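Notes to accompany the following structure.
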Amino acid sequence: MAQTFTEAELKDIYTFALDLGRRAGKILVDGVEKRTGAAGARDMGKQEEKMNAVDIVTQTDLDVEAFVKDEINRKYPDHKFIGEETYSAGSSKQYLIDASPTWVVDPLDGTVNYTHLFPMFCVSIAFVLNSQPIIGVIHQPLLDTTYSSLVGYGAWQDDAHDGGKQRKRLPLVNSPKAILPKEAPKGCIFSCEWGKDRRDKEGGNMWRKVNSFVNMAAEIGGRGGKGGMVHGVRSLGSATLDLAYIAAGSFDIWWEGGCWEWDVAAGIAILREAGGLITSANPPPNPETDPIEEVRLGSRLYLAIRPAGDSEGETGRQAQERVVREAWKRVQGLDYSRPGA
């Protein structure tokens, strides 16, 4: 049964989530400081592989998730909780999102970055209601930056609690919003990730990703007409932060497959509230004419376009849809199925 919350209740949940993200981030920073102390020892703590050598879990992941879950259960005992580490430890990969009030948490997105002391890692906290993420908090502790949103109240970078920083509405260019290039993907920053599926199999996901990356990067007219000549290709190692940077307008296009709901729930909430578009990564049979539908949380296939301003003869939404179709022409379909999604 669908459940509703008052405006005041949602604002309280949002405030709680913001504070919780900061406190969880403090645990991550403490871990960094422990590893970079005076002795210079790089103590990674407990590390285990999940799927392969690029899919690891540290003791810090477990500690942060336990902390966040305990705080949520204490404050909202009737809410469901889905966390990456508890989910990954189970044998079932069923889709678990339903109409219930649900917290979807990635305690440390960018674990590989964290172990290598590369600052692109974060805490991701989303509140999902009626299967839709309506509150998102992404805290990037080493850079002391927070991205957040509450449905109907805007998306933001930072606030007074983040070291007295000025709160900035997303996207960062807002008056007016930046228009998308007329020849997009030419002139765009394209964001993508290699992912955890590293099987060296012709026709497999890694091969399809690499072909798609090259299509987007190649000169116009290259690759049998699929060359997109994007301005740049970026890979942060964190799907969560990819979405935050799309919402901010720092990236223009994000294309990815294989993400779980904790990787994207907070980012989707923030991106949508900032005015971005997110749909399926996989091109439909007729990319130029088939409908562009909002993606379903948990589909594991995502194509996101940054917020866009209106220009002469084209609204921002029309520009976003144009760029979706141009991206679909250049990428290959990926296979990331899961039960119940």
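Results for (1) within 23 Å of Leu271 (Cα to Cα); (2) surrounded by fewer than 23 Cβ atoms within 10 Å (Cβ to Cβ); (3) more than 15 Å from the chain's Cα centre (by Cα), shown as yes or no for each residue.
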position: Pro77; (1), (2), (3): no, yes, yes
position: Lys80; (1), (2), (3): no, yes, yes
position: Leu96; (1), (2), (3): yes, yes, yes
position: Val104; (1), (2), (3): yes, no, no
position: Met120; (1), (2), (3): yes, yes, no
position: Leu129; (1), (2), (3): yes, yes, yes
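Residues of the range 255-262 include at least one that is part of a helix (DSSP H, G or I), touching a helix residue (DSSP H, G or I) at 6+ places or on another chain (Cβ under 6 Å), farther than 23 Å from Glu321 by Cα and touching a residue at least 24 places away in the same chain (Cβ under 8 Å). For the range 218-255, the set of residues classified as crowded, with 24+ Cβ neighbours inside 10 Å and either among the acidic types (Asp, Glu) or at pLDDT below 95 (or both) consists of Asp242, Asp252, listed by residue number. The set of residues in the range 117-138 being of a type outside the set (S, T, N, Q), part of a strand (DSSP E or B) and in contact with a strand residue (DSSP E or B) (Cβ under 7 Å, 6 or more places away or on another chain) consists of Cys122, Val123, Ile125, Ala126, Phe127, Val128, Pro133, Ile134, Ile135, Gly136, Val137, Ile138.
The residues of the range 289-312 that are farther than 30 Å from Glu84 by Cα and free of Cβ contacts under 8 Å to residues at least 40 places away in the same chain, listed by number, are Thr289, Asp290, Pro291, Glu312. Scanning the range 136-154 for residues that are over 12 Å from Glu273 (Cα atoms) and polar (S, T, N, Q) yields Gln140, Thr145, Thr146. Looking at the range 141-251, the strands (runs of 3 or more DSSP E) lying wholly inside it that each contain 1 or more residues that are among the aromatic types (Phe, Trp, Tyr) sit at 145-150, 155-157, 189-192. Ser212 falls short on exactly one of the conditions (1) at pLDDT below 95; (2) within 28 Å of Phe121 (Cβ to Cβ), and that condition is (1). Scanning the range 308-341 for residues that are assigned to a loop (DSSP other than H, G, I, E, B) and closer than 15 Å to Lys182 by Cα yields Ala308, Gly309, Asp310, Glu312, Gly313, Thr315. Any chance you could count how many residues in the range 271-294 are farther than 17 Å from Asp252 by Cβ and either within 13 Å of the chain's Cα centre (by Cα) or crowded, with 23+ Cβ neighbours inside 10 Å (or both)? Going through the range 271-294 one residue at a time, the tally reaches 1.
Looking across the range 295-307 at every residue that is aliphatic (A, V, I, L, M) and not in a strand (DSSP E or B), the one that is farthest from Pro284 (Cα to Cα) is identified as Leu297.
The values are calculated or read from the model by the stated rules, or taken from the named source; none is laboratory data. In this text, all values refer to a predicted model and were calculated from it rather than measured experimentally. Quick reminder, even Gly has a Cβ in these numbers, built from the backbone with ideal geometry, and neighbours come from all protein chains shown.
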